[in-house]
Amino acid sequence: MMDQRSIATLGHLVQPARVHRSLYADPAIFELELERIFGAAWVYVGHESQVKNIGDFFCTQIARKPIVVVRDATGELQVLRNQCAHRGSMVVASDQGHTDEFQCCYHGWTYHLDGRLKAIPLQNGYPQDFNPKSDKTAMLRLPRVTSYRGFIFVSQAADGPSLAESLNHMTTSIDDMVDRAPDGEIEIAGGVFKHTYNGNWKLYLENLCDAAHPWFTHRSSIDAAQQQKDDVMSDGSGEIAIRQMRQNGAPYSFWESQVGIWTYPNGHSYLGDYHDDANLVAAMNDPVFRDYIAALEAKQGKEKTKKILEVRRWNSNVYPNLSFMSQFGQLRVIHPVAVSRTEVHTYCFKLRGAPEQMFRNAISFANIVNGTGSLVLTDDLEIYNRIALGLSSEGAEWLEIGRGYQSDGPAEHGGRKGKNSTSEIYIRNMFDAWLGYMTGAHATSAAREAVA
C-alpha cells in the first residue's frame, strides 16, 4: 500500500490536459482506488426487480468484496457482506435464487435474511463472553443502502454525501430509462453477458462517451453494416443494431454539429444528440414501435410521451461503475479486478407495459452491439488490451486528454459541456472526481482550468 508521502504526490499525476500513465498501470495506485473510490463512493450494485419478493437474493461484489443483496422477511432491502462469522467462508455461492435463510456449508452456521445469526450447531463449549446475538457474529450489513427508482446503490462509507447529492442531475438519465416504460417500471430480464479484458477499469467508462474512436476502431462493422439493405430485415430488431453500426461511421462533421457531451460533478457524464433525429432510435415506422407509442400515450398522455421520446441521451456514465443506454434498454456494470484486469456485466431491461417485441429488440441489440461475441464490443476489448500492452512499453510518460480544453464551457445544473461530442471533457471530469476521492482535493475542473 502507498505511504502518505506517495499519496500526496497523486495530485501531481493529474494535470489540466494530461495524466500520468501510472494511473492506469501502477498496482499500488489501483489498490488505493479500491479503498478510496469504491470504498467511499455510491456504487451501483443491482436493480430491485432482481429481488421482487421476500427471500429473493442475488450475489455481486464491490471492488472484489463479495456481497449479497436480499429482500428480508419484512420486505426491506438488505445488502450483506458475504462472509460467515465463524471461519470466514463465503456463505452464499449461488449467483441468485430464493431462500428462507442463509446457511454456511462449512459448519452450518445459519443466518436470517437480514444477516442476524439464527442458529449454530454445537453451540456449547464457546467462551463465556460468546454472544450469538452480537453484531460480531452476523453477516454484516453495509452501512448505507439507497435505491433511486429501482436502481440500488451502496456506499461502504458510514457517512458522506447522500445518493441524491452524489447523483444530482444524473437522476434525469435514470428517469429517462424508467419513464420509457408505459407502466412506469422496468425490470432486468434475459440473463447477463459477462466479459473480461486485460486493461484498467477506467478505460471502459472513458471509451463509452468517446465519439472520436468509432470511425477507426469499428471500421469493420461499419463497412459490413453499410453494405446491408434495409429490406432484408424481417423485423425491426436487427435494423436497430445495423443503424448503430452505420452511425459509428458518421463523419466528424456529424459528431461536431449534432452530438454533445455533458458532464456533472462526481465524475458523471452523458453523450447525447442536440436534435430530434431518428438515426439511432428504433424504427419509427415499425408497427411494433407504433404500438409502443400508443401504449405510452394511453398511460402518460400525448404531451408527456412526446417529451419522453424527445430525449436523445446515448451512453450515460454514473461514476465509478455504471453506464446505461436508455433508448435501447442496455446497462453495464464495471468490476475492477486488478490494475490490468476488469470484468464487465451487461444487462437488458424490459419496459413493463410495452409490446414484448420491444424487449426482444433490446436483446437483439445487445447480441449485436454489447454481447461477448458482438461485432462492436470485440473491437473495444482489443483496444483495452492494446492500451495495457502499450503502457508496459514505457513509451510516452504522459497521456493527452486535452481535446476540447480551450472550448469547453458551463452547462445548466452545475455541469460543464464540450463544444461538441469529440471533446475529452468527460475524461477530465472523471479525473476531477478521481482526485477528490483519492486526495481529498475537491477543486472542480472549472477551477483547475481557470487557474491554468
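The values are calculated or read from the model by the stated rules, or taken from the named source; none is laboratory data. Computed from a prediction, not measured in an experiment: that's the story for all the values here. With ideal geometry, Cβ positions are generated from the backbone for all residues, glycine too; neighbour counts draw on all protein chains shown. Side chains are part of the model used for accessible areas, which takes the heavy atoms of the whole protein and leaves out ligands, DNA and RNA. Shrake-Rupley method; radii C 1.70, N 1.55, O 1.52, S 1.80 Å.
Sorting the Cα pairs of the chain by distance into bins of 20 Å, from 0 upward, gives 23, 55, 21, 2 percent per bin. Solvent-accessible surface of segment 85-197, taken per residue with a 1.4 Å probe and all protein chains present: 54 Å². With protein chains left intact and a 1.4 Å probe, residues in segment 307-385 average 29 Å² of accessible area per residue.
Report, in listed order, any pair from Lys350/Lys417; Lys65/Lys133; Lys304/Lys350 with a Cα-Cα distance greater than 27 Å.
Pairs exceeding 27 Å: Lys350/Lys417.
In debye, nearest 20, what is the charge dipole magnitude of the chain about its Cα centre with +1 on Lys and Arg Cβ and -1 on Asp and Glu Cβ, if you could check?
On the way: 44 positive and 52 negative charges, 121 e Å.
Using only the charged Cβ atoms, the result is roughly 580 debye.
Could you calculate, for segment 1-143, the ratio of the Cα radius of gyration to the Kirkwood radius, expressed as Rg to Rh? Kindly include the intermediate steps, with their values, before the conclusion.
Numbers: Rg = 19.5 Å, Rh = 17.6 Å.
Taking Rh as the inverse mean 1/r over Cα pairs, Rg/Rh reads 1.11.
Highest average first, the peptides 371-377, 246-252 ordered by how many other beta carbon atoms sit within 10 Å of their residues are 371-377, 246-252. Carbon and sulfur together cover what percent of the accessible area of the chain at a 1.4 Å probe radius? It is 50 percent, rounded to a whole number.
Near Gln61, the amide H atoms lying under 5 Å from its own belong to Ile67; only residues 5 or more places off or on other chains count, and H is placed 1.01 Å from N. Label-to-label distance for Cys105 and His213 is 3.8 nm, based on points extended 7 Å past Cα in the beta-carbon direction. What trypsin sites (Lys or Arg not before Pro) does segment 307-352 have in DSSP loop regions with at most 16 other beta carbons within 10 Å? Here the sparse-neighbourhood loop sites are Arg352.
Quick check on packing: order 316-322, 289-295 by the mean number of other C-beta atoms within 10 Å, highest mean leading. List each step's numbers first, then the result.
Values: 316-322: 25.9, 289-295: 17.1.
Peptide ranking by packing, descending: 316-322, 289-295.
Looking at the calculated P(r) for segment 291-365, what percent of the C-alpha pair distances fall above 15 Å? Before the final figure, lay out each step's value.
Details: 1781 of 2775 pairs.
Within segment 291-365, distances greater than 15 Å cover 64 percent of Cα pairs.
Between the listed residues Leu331, Gly88, Ala40, the Cα displaced farthest toward the positive end of the dipole of the chain, a dipole computed from Cβ unit charges relative to the Cα centre, is found at Gly88. Between the amide H of Val259 and those of Tyr274, Ser421, distances stay under 5 Å, these residues lying 5 or more places away or on another chain, with hydrogens modeled in the peptide plane. Applying the criteria of a DSSP loop state and at most 15 other Cβ atoms within 10 Å to the trypsin sites (Lys or Arg not before Pro) of segment 400-436 yields Lys419.
Note on Glu303 and Tyr252: their simple-model spin labels are 4.4 nm apart, each label 7 Å out from Cα toward Cβ. For segment 178-232, trypsin sites (Lys or Arg not before Pro) meeting the loop criterion (DSSP other than H, G, I, E, B) and having at most 13 other Cβ atoms within 10 Å: Lys229. Among residues other than Trp262 with Cβ under 10 Å from its Cβ, the summed charge is +2 (Lys and Arg +1, Asp and Glu -1).
From the Cα gyration tensor of segment 305-452, with a ≥ b ≥ c the square roots of its eigenvalues, which class applies: rounded if a/c is under 1.5, or else prolate if a/b is larger than b/c, or else oblate?
Numbers: a/c = 2.18, a/b = 1.32, b/c = 1.65.
It is oblate, given that a/c is not under 1.5 and a/b is not larger than b/c.
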